[in-house]
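To keep things clear, I will list the structure first and then write my remarks on it.
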Amino acid sequence: MVKVAVIGFGHLGKWHAEKAASLAKEMNISLTAIVEKYPSAREKAANLYPGITITPDLSDIIDLVDAAIVVTPTSTHSSVIKELLKKNKHVFCEKPLTPTYEEALEIENLAKDKGLIFQVGHSERFHQSWEMVDEFKEIFDTPGVVTINRLGAFKGRATDVDVVNDLMVHDLDILLHLFGEYPETITSNGYKILTDNFDYVKTRLGFKSGRVATITSSRNHIEEVRTFELTNDKGTIVIDLLNNEIKHANKSGKVEVIKYNKRDHLLLEQESFYQAILTGSKVPVTLKDGVMAVKLVGEVLESL
């Protein structure tokens with residue numbers, strides 16, 4: 001039995017607690033504890049999960065669990081993860097892994113040779129569309145122009161970080177995952193509109209292969225948009241990540257429309273985390289993946 005703690009019971013933490021409780025009904029795991037510093041959130045957690053330990057202090061329960069889901073503000077990730085790793089606990093950490101690349105490297109070094117499962121919560125990896133890439137192998141294997149838009153209205157959350165750490169990190173990770181190359185050039189523009197951090201950023205990334213990517217991320221937009229577009233001399237593919245739809249235009253001009261299933265990404269990523277602990281299977285988003293995403297986030301911010 002894998003005993004699990006959810007660290008943080010805020011906007012996203014409550015959903016992670018729900019997924020852990022749900023998976024406990026079908027996997028050999030149990031939601032054992034929730035750690036939350038705010039009394040009002042602890043009260044909500046206690047009402048929803050009366051049979052588990054609710055505490056403001058990780059040290060109260062760290063010896064009672066085998067694994068932890070870290071869903072605290074990004075600025076606290078490093079200290080929480082270090083405490084967990086020193087006690088040899090398996091870790092699932094929401095994205096981004098840490099605020100800085102230096103902190104990410106510290107975590108990577110601390111986790112090295114411990115034999116623990118460490119997964120990073122880049123949930124956008126779990127869109128079924130990415131599993132369908134092989135159906136369009138020719139266009140994905142050919143360098144071209146990639147355009148990614150992740151735009152939304154202001155939701156009043158994650159204001160402790162900029163939009164690159166909050167939203168663009170998803171798409172930077174997807175780029176690294178899909179194409180397996182790191183950008184050689186980065187130029188960016190951004191604006192602080194509603195917070196003291198960047199709320200709108202457009203970045204342009206150039207790769208050795210000749211591939212060029214433009215990513216626009218905004219949390220002050222008039223509508224919700226999440227699209228991935230790739231064009232080269234093999235055709236064009238557009239993936240609508242909100243409406244779960246792929247449109248493909250080949251060299252003949254024929255347009256193919258493919259619908260794919262909507263998934264519960266948080267449930268799937270937690271399931272893969274527990275499966276790795278129980279069976280030794282590989283996690284879909286590794287600690288190294290998380291480290292490289294943080295590195296690229298830092299370089300985008302430096303280019304502003």
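Data table
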read-out	value
Of the DSSP H helices in the chain, those whose Cα atoms cover at least 18 Å axially and whose Kyte score averages -0.5 or more	265-279, 287-302
Theoretical FRET efficiency, 1/(1+(r/R0)^6), r = Cβ-Cβ of V212 and Y191, R0 30 Å, to 0.05	0.85
Among P39, P183, P96: highest mean-square fluctuation, GNM of the chain, C-alpha pairs under 10 Å	P39
23 Å Cα-Cα reach of K44 towards lysines, excluding residues that sit fewer than 8 places from it in its own chain	K3, K14, K19, K25, K155
K251-I222 FRET efficiency (beta carbon distance; Förster radius 30 Å; 0.05 resolution)	0.30
Label point distance in nm, E108-L278, each placed 7 Å from Cα along Cα→Cβ	3.1 nm
Dipole magnitude of region 238-295, debye to nearest 20 (Cβ charges: Lys/Arg +1, Asp/Glu -1, about Cα centre)	280 debye
Cβ-based charge dipole, the chain, positive-most Cα from V120, G253, N197	G253
Within the chain, longest stretch clear of exposed GluC sites (Glu not before Pro) (DSSP loop, no more than 11 other Cβ within 10 Å)	27-183
Most positive-pole-ward Cα, P50, A293, H11, against dipole of the chain from beta carbon charges	P50
Modelled FRET efficiency - R0 22 Å, K82 with E302, Cβ distances, 0.05 increments	0.30
Simple label model, 7 Å out from Cα along Cβ direction - V145 to H265, nm	2.6 nm
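Where a number appears in this text, it was derived from the coordinates with a stated rule and is not lab data. Just so it is clear, the model here is predicted, and its values are computed rather than measured. No Cβ is skipped: glycine too gets one built from the backbone with ideal geometry, and neighbour counts run over all protein chains shown.
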